[in-house]
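K.L.:
Please read through the structure below; I'll follow up with questions.
The values are calculated or read from the model by the stated rules, or taken from the named source; none is laboratory data. Small disclaimer: the values here were computed from a predicted structure and weren't measured. Here the Cβ is made from the backbone with ideal geometry for all residues, glycine too, and neighbour counts use every protein chain on show. The accessibility values were calculated without ligands, DNA or RNA, using every heavy atom of the protein model including side chains. Shrake-Rupley method; radii C 1.70, N 1.55, O 1.52, S 1.80 Å.
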Amino acid sequence: MAVTTFVDDHGFSLRAGNLEVRLAETEEEIWAAQELRYAIFYQEMAAQPSVEMAAARRDFDAYDDVADHLLVIDHARGKGVDGVVGTYRLIQRDGAAKIGAFYSASEYDISKIEAHPGRILELGRSCVAGPYRSGGTMQLLWRGIAAYLFQHDIEIMFGCGSLPGTDPEALKLPLSYLYHYHLAPPALRPKALPERYTDMRLLPLTEIDQREAIAALPPLIKGYLRLGGHVGDGAVIDEQFGTTDVAIIVKTDLVTEKYFKHYELKREQRPVLAFRKD
């Protein structure tokens, strides 16, 4: 399906059929993203909400106020809050500074990432409504992320990827595979905080069936790996969300280079690419 891209100095919008990917523009749209997160994390996946979240039926925390919120909107359902069917939370360095730390710092020592002199971006709270978990929707969402990386000159993106369940033994194959085959280089490697550290080396390298291990990975983590992503040292059990987390880090040069080539190509094929004047 053809993707139409609108870009200006303030933002971007990608359209494919009824679907649009752009940043939230109003508080009401951020609330819609939080409501979607609540429906998926706490109702579908049975995470444990706080009393305040349960009362509001929204997933929220202080980081929402300092983040950009990427939205997938189905215009067949509505143009704004009624159409939000996917979201991703994006936090840059200046936003995290207002809180005092990145969200990932509650699970991992990310000091090596923070020491990077270029722009860095933390991704989190990713979710898409059930009927939209198709390749087309996810591809459009990834294009939105690529557009954001390109526009803000982000050099490194990172965050926590989640595997379902809190029993490392049950996840020994994918965890061991990630450690043995995708461990981040030492210069940028996050490490789980000592009090939360769970060893990922649960199987020796010789006992890992790569094909089976890859099949056991959630689609989001596989997506990061396809972009050249790596993982940190140690998994973290997240009891609230009922998941086992791994730190993800991706150098964005391949992502932004691919987007730049796509962007330049489309600029020569108007009206596929148009520039917003408002």
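K.L.:
How many residues are in contact with a helix residue (DSSP H, G or I) (Cβ under 7 Å, 6 or more places away or on another chain) and within 25 Å of L183 (Cα to Cα) if we restrict to the stretch 143-156? Steps first, please.
P.N.:
Taking the stretch 143-156 and keeping what is in contact with a helix residue (DSSP H, G or I) (Cβ under 7 Å, 6 or more places away or on another chain), we get 146-147, 149-150, 156.
Narrowing further to those that are within 25 Å of L183 (Cα to Cα): 146, 149, 156.
Residues meeting the conditions: 3.
K.L.:
Anything in the stretch 106-141 that is touching a Cys at 6+ places or on another chain (Cβ under 7 Å) and not in a strand (DSSP E or B)? List them, or say none. Walk me through how you get there before you give the answer.
P.N.:
Taking the stretch 106-141 first, the residues touching a Cys at 6+ places or on another chain (Cβ under 7 Å) are 107, 124.
Passing the criteria: only E107.
K.L.:
Identify, by number, the condition in (1) of a type outside the set (D, E, K, R); (2) open to solvent by 70 Å² or more (accessible area, probe 1.4 Å); (3) closer than 14 Å to Y179 by Cα that A247 doesn't meet.
P.N.:
Failed condition: (2).
K.L.:
Tally the residues that are open to solvent by 40 Å² or more (accessible area, probe 1.4 Å) and at pLDDT below 95, restricting the search to the stretch 206-227.
P.N.:
Residues in the stretch 206-227 being open to solvent by 40 Å² or more (accessible area, probe 1.4 Å) and at pLDDT below 95: 5 in total.
K.L.:
To continue, here is another question. Would you tally the residues in the stretch 183-213 being in contact with a Lys or Arg (Cβ under 7 Å, 6 or more places away or on another chain) and without any contact (Cβ under 8 Å) to a residue 40 or more places away in the chain?
P.N.:
2
K.L.:
In the stretch 91-143, what count of residues is obtained for those that are among the aromatic types (F, W, Y) and modelled with pLDDT of 95 or more?
P.N.:
Of the stretch 91-143, the ones among the aromatic types (F, W, Y) are 102-103, 108, 132, 142.
Applying the additional criterion that residues be modelled with pLDDT of 95 or more yields 102-103, 108.
Residues meeting the conditions: 3.
K.L.:
How many residues does the stretch 99-119 hold that are crowded, with 18+ Cβ neighbours inside 10 Å and more than 17 Å from the chain's Cα centre (by Cα)?
P.N.:
So the answer is 1.
K.L.:
In the stretch 82-105, what residues are part of a helix (DSSP H, G or I) and touching a Cys at 6+ places or on another chain (Cβ under 7 Å)?
P.N.:
Scanning the stretch 82-105 gives a single hit, S104.
K.L.:
Related question: Could you check, for the stretch 14-31, whether at least one of its residues is surrounded by 13 or more Cβ atoms within 10 Å (Cβ to Cβ), in contact with a His (Cβ under 9 Å, 6 or more places away or on another chain) and in a helix (DSSP H, G or I)?
P.N.:
yes
K.L.:
Here are some residues: Q210, Q151. Which one is touching a Phe, Trp or Tyr at 6+ places or on another chain (Cβ under 7 Å) and farther than 22 Å from S13 by Cβ?
P.N.:
Q210
K.L.:
What residue, of L90, L123, is touching a Gly at 6+ places or on another chain (Cβ under 7 Å), farther than 16 Å from W31 by Cβ and surrounded by 19 or more Cβ atoms within 10 Å (Cβ to Cβ)?
P.N.:
L123
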